[in-house]
1. Mind checking the mean number of beta-carbon atoms from other chains within 10 Å of the Cβ atoms in B:349-355?
2. Order these peptides, A:441-448, B:278-285, B:178-185, A:60-67, by their mean beta-carbon neighbour count within 10 angstrom, highest first.
3. With a ≥ b ≥ c taken as the square roots of the eigenvalues of the C-alpha gyration tensor of region A:185-260, please select rounded if a/c is under 1.5 and otherwise prolate if a/b is larger than b/c or oblate if it is not?
4. What angle, in degrees between 0 and 90 and rounded to the nearest 10, separates the Cα long axis of helix A:163-192 from the longest principal axis of the Cα atoms of chain A?
5. Using alpha carbons only, what's the Rg to Rh ratio of region B:143-381 with Rh from Kirkwood?
6. Measure nothing fancy, just the Cα-based angle from helix A:217-234's long axis to the longest principal axis of chain A, in degrees from 0 to 90, nearest 10.
7. Extending each Cα 7 Å along its Cβ direction at B:Trp373 and B:Ser359, get the distance between those two points in nm, one decimal.
8. Over 20 Å, how big is the tail of the calculated P(r) for region A:72-141, in percent of all Cα pairs?
Amino acid sequence: MSIDDVIAPAPEQEATSPSADLAAAWNTAVLRPLGRPSRGYLITLGVAALGMLWFAHAWAFQLRHGLIVTGLSDWGTGRGVPWGLYIGSFIWWVGIAHGGIVVSASVRLFGAHKLKPVARLAELLTLAALANAGLYIIIHLGRPDRVVTSILPHLPTTIRSSPLAWDVTVVTLYFILTGTYLALTIRRDLAEVRERLPRAFDPLYRVILVGYRREERLKVERMAWWLALGVIVLAPLFLHGGVIPWLFALLPGTPAWYGPVQGPQFLAAALTSAMGSVTILAWVFRRLFRWERLIDDRVFESLARWTGLFALLYLWLQLQQIITGAAMAPEVAGAGAHAKLVSPVFWTAMVLLAVTVAHSGIQSLSPRLFSVRRTAAVAVLPVVAILIDKTLFVVQGTMDPAFGLYHGMGTSYFPSWVELSSVIGAFSIVVLFFLAAMKAVPMIELEEAE
Amino acid sequence: MTEGSRQGNGDGFVERARRLVESTGYDPELAARVARDAQRVVAGELTEGEFGQRYHDAYLREFGRDDRPDAPDSNGHGDGDGARRSEQIQVISRRDALAALGGAAAGVLFLGELHRSGTFALTPGPAPAATGFVGAETEPVQLGMVIDLERCDGCLSCVDACRRENGLSDGVLWPYVFAYQEPDVDDTQFLFRVCQQCTNAPCLKVCPTTARHRRLSDGLVLTDYDECIGCRYCEVACPYGVNYFQWGEPSTYGGSYTGERRDARGVAVAGDPPRGVMGKCIYCPLWQHDPERRGTTACSVGCPMNVIHVGDMNDPDSEPNRYLAQRREENGGDLPTFRLLEDLGTEPNVIYIGTPPSSRAELVDGPIAYATWGAMDDRRAVLEGPSPWFERIGSQT
């Protein structure tokens with residue numbers, strides 16, 4: 001492959017186009033979810049709506065009484081932690097949001113066509129996950145009503161030194177880039193099968209398809225390619241390998257956070273939970289719509305391998321931290337590592353990740369043991385593990401401060417019902433988002449006949 | 001490396017100012033002269049006061065007003081614009097000034113750029129003189145404390161005085177007194193912990209709103225209660241643990257502040273904070289406007305042992321510095337002093353007389369309990385919050 005192929009791939013070289021019959025059959029299968037809602041659909045919708053309502057009720061309770069209804073307190077003499085599950089969940093959702101770009105970039109930039117059937121699912125997950133991340137920032141605030149009036153006017157100043165200002169900027173940018181990317185690629189599909197789409201969403205299609213012309217395809221392909229390139233640089237290097245870990249890694253007063261390994265480690269965590277989430281999502285859709293031939297076994301083989309690899313990378317970086325913290329580090333810097341080693345929560349997360357790695361390894365070495373269903377079940381483990389581990393990480397920062405006298409104070413934290421309800425709420429939002437999306441747009445990219 | 005050389009290409013800088021202003025119709029030569037002298041200010045060849053004075057008339061002629069922070073006030077001297085709120089706000093104001101006055105205010109903006117290169121450096125900042133205190137011929141005022149730990153007996157009068165003055169909610173301990181013991185030492189030792197008023201304050205850097213800011217008139221690090229969004233980033237960034245968030249309605253857990261909140265600038269900074277925003281030890285900022293009480297705080301006045309000495313740490317003649325010199329002299333020129341967690345690069349403005357707690361120090365009960373003063377030191381106990389309806393139903397059945 002020459003450098004020209006990498007920099008400006010011609011779209012016709014990108015995918016091998018199937019025959020007309022095959023493409024038609026593929027597209028018919030892809031459009032299957034667009035029909036009338038089934039009973040299962042309505043039940044799921046009801047449950048998810050209840051989940052979200054429950055969360056809305058919990059949040060309303062918090063808005064009414066203040067953050068006193070959380071399990072948080074001040075660190076130090078307050079004997080608690082000021083950042084807890086909300087920030088842990090925020091990190092988790094931004095991490096999951098990396099699934100979209102990893103899969104899309106693999107397909108579009110690195111030619112991993114195997115994963116193409118789950119690319120759109122992953123991109124949609126990115127949008128929903130980023131929306132949740134943004135929501136968590138708002139829920140976390142004492143004065144959410146001031147978020148626009150206090151942050152935006154001062155951004156030119158605060159962007160110089162506040163990692164939180166960097167963070168808001170990069171998450172917004174990532175959201176816009178992914179949204180644009182998705183809109184561009186969906187546009188072509190919608191135009192292709194416009195007459196087969198439900199009439200109810202016509203106004204939406206009219207907006208997405210505004211000014212559409214068949215000749216734009218080449219241009220759109222190239223735009224999508226450059227967008228994918230932009231996001232693959234932005235997201236791993238400056239989001240979960242950048243501003244999110246820098247929120248913590250730059251603060252020397254909290255040794256459990258401080259240090260350069262946080263960037264790589266956050267990124268490894270993001271990729272692990274993202275690939276796990278995409279696996280679960282792919283399995284659910286494959287099962288619901290009998291998409292065994294669209295999302296075939298090879299997709300799951302590949303996803304399981306990537307999940308295992310990223311989980312291994314994460315464990316290895318965790319080991320780096322523990323070893324440097326526990327061996328000969330100054331007392332203060334070592335406190336975080338020692339606290340981890342005696343925490344059952346920490347070991348729970350590590351065991352879940354270790355099982356993920358072992359499963360992926362064994363399955364890769366011995367292909368006859370491969371099972372799609374088990375792969376999907378095991379994929380839940382790293383996703384849960386990263387939420388636990390990241391929340392613990394957030395909590396431990398202020399539990400083991402550099403100011404040694406506080407260590408004898410007896411700090412504790414357990415999330416309140418309001419905080420736990422937010423986890424249910426955020427999950428329900430993702431479910432509702434997908435329930436809506438699957439009725440409006442093709443969840444797998446359509447195939448074009450030659 | 002000097003501040004001037006950090007900017008790099010000096011002539012290019014002046015040229016940029018000239019070009020920028022040329023496009024606005026204002027006098028490009030004035031801009032070039034201002035830009036050149038702005039560089040000289042940073043290089044230390046010209047004081048900010050001289051700079052402010054030098055172009056005052058030219059600015060009035062050209063624009064009809066002179067809103068620069070360095071500009072002389074109506075008396076022709078002093079800290080020009082009292083409304084300039086902080087290091088951070090100052091930057092915004094300069095931008096606003098640029099928009100309002102046209103491009104020729106570029107000289108001001110460029111001076112701001114040079115200042116900021118020091119003010120917002122991620123490494124420990126420059127000497128206080130370069131951190132944006134403007135208009136002063138001498139070093140800027142930086143309130144701080146000298147704490148004589150050798151005199152502290154752990155009576156907690158300071159804690160009580162502060163709670164009364166600021167109407168603090170339960171569990172909020174702006175000053176806190178650690179009682180601890182070192183191995184092999186019989187006596188209980190004390191560490192009085194307040195805001196360290198850091199020159200290189202991490203809380204101020206991380207704030208996403210500029211609510212946490214430095215008041216230019218006396219260097220106090222304060223929180224604008226009207227601007228704070230309650231993200232608590234300042235709280236996790238501060239290595240000293242001096243921030244206390246207002247988790248609920250203050251009145252529901254003992255908060256009783258009803259006094260004036262706004263200082264002379266009109267910024268709400270005083271007293272126990274309202275719900276949802278951050279509070280911390282503030283060195284009684286309204287007292288510092290009052291000629292009778294300037295240079296004191298509720299805790300320093302309340303201390304019966306003369307432990308706490310408040311004043312301008314940059315002025316060798318200030319009360320804390322004189323006290324330090326006197327104690328040193330009494331001790332034969334050799335007095336043990338330290339600054340708290342100084343190796344973290346925060347440049348704290350509190351000097352302790354005594355020895356810092358070692359890593360083997362263990363907390364012990366002090367001679368007087370917090371409860372004796374009606375205070376409490378475990379805030380979790382009051383942060384329960386109301387029960388939701390389903391818990392009430394559960395408890396009724």
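1. Details: counts 0, 0, 0, 0, 0, 0, 0.
The per-residue average across the peptide is 0.
2. Values: A:441-448: 20.9, B:278-285: 24.8, B:178-185: 14.4, A:60-67: 17.6.
For the peptides A:441-448, B:278-285, B:178-185, A:60-67, the packing ranking is B:278-285, A:441-448, A:60-67, B:178-185.
3. Working: a/c = 5.55, a/b = 2.68, b/c = 2.07.
Because a/c hits 1.5 or more and a/b exceeds b/c, region A:185-260 counts as prolate.
4. With both axes taken from Cα atoms, the answer is about 10 degrees.
5. Working: Rg = 17.3 Å, Rh = 18.3 Å.
On the Cα set of region B:143-381, Rg over Rh gives 0.94.
6. 10 degrees
7. With each label point 7 Å from Cα toward Cβ, the separation is 3.2 nm.
8. Working: 1102 of 2415 pairs.
Value for region A:72-141: 46 percent of Cα pairs lie more than 20 Å apart.
Every number here is computed from the coordinates shown, using simple stated rules; none is lab data. This one's a predicted model, so the numbers in the text were calculated from it and none came from an experiment. Every residue, glycine among them, receives a Cβ derived from its backbone with ideal geometry; neighbour counts consider all protein chains shown.
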